[in-house]
Amino acid sequence: MIEQLLANPITLLCLVISLAVVVAGLVFAITSPRLFLLVIKNLRRNLVRTMLTCLATMVLVAMVTMIWTVIYTLDMVTTEKSKDFKLVVTERWQIPSQMPMTHADYVNPESPKFLPELKGMIGPNDFMTWSFYGGTLDPTKFTRENLLFMFVMNPKHIRSMMDELDTLDPALVKKLEDTRTGVLLGPERLAMINKKVGERIKVTSLNYKGINLELEIVGELPAGRYDQSAIMSDAYFNDELDKYARTTGQKHPLDNKRLNLIWLRVRDRDTFNRVGEIVENSPYFSDRPVKVETASSGIGAWLDAYRDLLWGVKWLLVPAILVSMALVVANAISISVRERYTEMAVLKVLGFRPNSILTLVLGESMLVGALAGFGAALLALLGINFALGGIKFPIAFFPAFFVPIWALAWGLAMGAGAAFLGSILPAQKACSVKVSEVFSKVA
């Protein structure tokens, strides 16, 4: 968790601002209880304006929270860890990567062909292969509801290597291992194809022509990242490709290109550099050269098509919303201050110093902003994650994005920050009110 904070300076800044606002608010309430109660009374005097300002702030904070959730998640997966990070081996000169299965043997610690130079750097639980199989449940109707995308892999690598599946029920993994034709499906995909656990499906392949599968749904993947995905055993997939060769008398056109990605996990950057150099320079891969890169770099390549869009959202749209939020607050506070010039003059006559009046106006604004921002973030966290099942914005391998707990800090910091920026000028005008001028107009 600390590593996530350090890797994302904006989240760290929001957390610092939030803590500072909370501490400052508590200190203000304890040291100046009468002034704090006056802040509360002033906000209650015009409940309609206060509620409208609060509602506008909540809407804008909720918008930014949803936008920033997507950006934050993508930033996290494309930021390299300092240790225990994954790397991916792909074909060097071709996209999509298509390699022979023999390539995996040389980096699989459990294979007799494992490169001896890699011993001690990669363990049995630090290896995984992926093949991608796409098919349809109805070859006469190619609709989104009938499509099925599957990760083809060794089931025993799911918990140790698949992101966010380390807590998957071991019983499900055992079912997938024991059932040759088994498949695990995400809950949304299950609902979309109108099937239940225990039923069987026939899949007509779209990328491996002629390799059609009959699968048994043995379990359901956890809700979240894999809502739309499926995982099947590579044993059945490889058996069907071998069966194709025996039946037709010739190998499938993709027989020697069935492996798409090889995943490895290493301890640190130095180990990554050594593993990468060994694998890329090994003569065993000379027939189909490979490249080794960190998982963050590989995912970053998948996101290249969205790079300009995400940059515009991050540095143009989000700041524009924050400016709009500050203007909303500034407008509401300015109206409130103009209506209360006489009150400010009376407060000065009663002995209130300019700093006290400044604190009073800023306190009103920041209390509304902080509470509205925190409330909006909390509603987004609970509503999006538990009621809506995440933000449905499919990019690469992410069918949905879930609001992180840090959103509470984002919301509080945005609300309080926008309130402070929007009220600083009206507050200065309030504390600079001249008593003589106000009472001369009243007279």
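Read-outs: derived from the displayed coordinates by stated rules, not from any lab. Remember, predicted model here, so these are calculated numbers, not experimental data. Methodologically, a virtual Cβ is constructed for each residue, glycine included, from the backbone with ideal geometry; neighbour enumeration extends over all protein chains shown.
The angle separating the long axis of helix 33-45 from the principal Cα axis of greatest extent in the chain is about 80 degrees.
Placing unit charges on each Cβ (+1 for Lys and Arg, -1 for Asp and Glu) gives the chain a dipole about its Cα centre, and among 66, 431, 408 the Cα reaching farthest toward its positive end belongs to 431.
To the nearest 0.05, what FRET efficiency results for residue 273 and residue 393 with a Förster distance of 35 Å applied to their C-beta separation?
Working: r = 35 Å, r/R0 = 1.00.
Given R0 = 35 Å and the Cβ-Cβ separation, E is 0.50.
Sequentially through the range 282-288, phi angles give Karplus couplings (6.51, -1.76, 1.60; θ = phi - 60°) of 6, x, 5, 9, 5, 6, 9 Hz, Gly and Pro residues having no value and appearing as x.
Helix 234-248 versus the longest principal axis of the chain: what angle, 0 to 90°, nearest 10, using Cα atoms? The angle comes out near 40 degrees. The share of Cα pairs per 5 Å bin across the range 83-302, counted from zero up to the longest distance, runs 1, 7, 14, 18, 19, 17, 13, 8, 3, 1, 0 percent. Per-residue Cβ neighbour counts within 10 Å put 26, 13 in the sequence 26, 13, beginning with the fewest. Ordered by the number of other Cβ atoms lying within 10 Å of each residue's own Cβ, fewest first, 384, 17 fall into the sequence 17, 384.
Against the chain, whose longest principal axis comes from its Cα atoms, helix 9-31 is set at around 30 degrees.
Using the count of nearby Cβ atoms within 10 Å as a rough guide to exposure, how do 133, 72, 226, 341 rank from fewest to most?
Ranking 133, 72, 226, 341 by Cβ neighbours within 10 Å, fewest first, gives 341, 72, 133, 226.
I need the Debye-formula profile for the range 177-216: one equal scatterer per C-alpha, no solvent, reported as log10 I(q)/I(0) at q = 0.30 1/Å, two decimals. Values returned for q = 0.30 Å⁻¹ are -1.08. Here the chain is treated with +1 on each Lys and Arg Cβ and -1 on each Asp and Glu Cβ, and its dipole about the Cα centre works out to around 1680 debye. Taking every alpha-carbon pair in the chain and binning the separations at 10 Å intervals from zero gives 4, 17, 22, 19, 13, 10, 8, 5, 2, 0, 0 percent. Extension gain for residue 343 to residue 34 (0.36 nm times residue separation, less C-alpha to C-alpha distance): 109.6 nm. Here's the list of aspartates and glutamates a cross-link from residue 41 could span, going by alpha-carbon distance under 18 Å and ignoring same-chain residues fewer than 8 apart: 339, 343, 364.
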